[in-house]
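The values are calculated or read from the model by the stated rules, or taken from the named source; none is laboratory data. Quick caveat: nothing in here was measured; it's all calculated off a predicted structure. Cβ placement follows ideal geometry from the backbone for every residue including glycine, while neighbour counts extend to all protein chains displayed. Only protein heavy atoms, including side chains, enter the accessible area calculation; ligands, DNA and RNA are left aside. Shrake-Rupley method; radii C 1.70, N 1.55, O 1.52, S 1.80 Å.
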Amino acid sequence: MILAIISDIHSNKEALNAVLATIAAEPVDTILCLGDIVGYGPDPNDCAREVLARCTSIVRGNHDKAVVGLIDLEWFNSVAREAALWNRRKASDETLGALRTLPKGPVELDDGVVICHGTPMDEDEYMLSSTAVEESYRWIDDQQPGTLCCFHGHSHLPMVIERVGPKKQAKVHRNGSQVRLRPGSAYLINPGSVGQPRDGNPRASFGIFDSKSLVYRNLRVAYPVAETQRKILAAGLPDELAFRLAEGR
Ligand code: ZN
């Protein structure tokens, strides 16, 4: 089975289209989505429609919850809040209804795959501290010991975390463009963000995992950033949301 894993699309239709075109050229069997389909960007309806039609498994993200009113927007900074409210106004009833029914992660799939938005314990937590990593491995040991890959998003930073050695330390492959997974180990993998990369590389980020050869790849795809920026500014969304896309921050 060959899985494509996408996350943090953030209403960026141009980036999503570029990623889906790349996926279509690969022998991918199924696409998984780790949440944050909407928020920040200018195209919530097209992105929601496309992701819902193409992905076989989806978990919700914090921005999906915010746009449909499932969480208090006070948790968001002013730019994210303004964009969430704009996305809510722009979203059709169909989009809002679909986003509202997205499952909360973690969701367990075949072949030792688990998907979640933040961490398996908490969809709103970033997998960026050693505590979050340790607790995620504890969750795997306690709840899903057969897990090979726990795919997560939320931080927008592509990363492969591997458990190694007798003390089971976490080894981080920061721009693990290709990693061959060892059976029996467990990996916490972030495919990066489709629609708002934050690792200094503006190209859209996603992952492909072959559950047979156990090779995971992080792929980067150029897309027409200027077009997305033009739409963000024309929509009256905060300028910063346009500028950051060119820098990937
Ligand atoms: Zn996000």
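Give me the accessible area per residue for region 2-247, probe 1.4 Å, as a whole number in Å².
42 Å²
Report the full-extension gain for the segment residue 177 to residue 2: residue separation times 0.36 nm, less the Cα-Cα distance, to one decimal in nm.
Values: separation 175, 0.36 × 175 = 63.00 nm, distance 1.64 nm.
This chain segment gains 61.4 nm when fully extended.
Have a look at the DSSP beta bridges in the chain and tell me what percent are antiparallel, nearest 5.
Approximately 65 percent, going by the DSSP bridge assignments.
With a 1.4 Å probe and all protein chains left in place, how much of the accessible area of region 150-240 comes from carbon and sulfur atoms, in whole percent?
51 percent
Any cysteines in the chain with zero other Cys Cβ atoms under 4.7 Å from their Cβ? List them, or say none.
Cys with no partner Cβ under 4.7 Å: 47, 116, 149, 150.
At what distance in angstrom do the alpha carbon centres of region 1-53 and region 59-136 lie from each other?
Using only Cα atoms, the two centres lie 15 Å from each other.
Using label points projected 7 Å from each Cα along Cα→Cβ, tell me how many nm separate residue 130 and residue 101, to one decimal.
Placing both labels 7 Å beyond Cα along the Cβ direction yields 4.5 nm.
Check the chain and count each lysine pair with an alpha-carbon distance under 21 angstrom, considering only pairs eight or more places apart or from different chains.
6
Rounding to the nearest 20 debye, state how big the charge dipole of region 2-247 is about its Cα centre with +1 on each Lys and Arg Cβ and -1 on each Asp and Glu Cβ.
Around 520 debye, computed over region 2-247.
Given N residues in region 2-247, what is its alpha carbon radius of gyration divided by 2.2 N^0.38 Å? Walk me through the intermediate numbers first.
Details: Rg = 17.0 Å, N = 246, 2.2 N^0.38 = 17.8 Å.
Compactness ratio reported: 0.95.
What does the accessible area of residue 47 come to, in Å² to the nearest 10, when a probe of 1.4 Å is used?
Its heavy atoms expose roughly 0 Å² to the probe.
Where Lys and Arg each count +1 and Asp and Glu each count -1, what net charge lies around residue 211 among other residues with Cβ under 11 Å from its Cβ?
On the way: positive: 212; negative: 29, 110, 111, 210.
Combined, the nearby Lys, Arg, Asp and Glu give -3.
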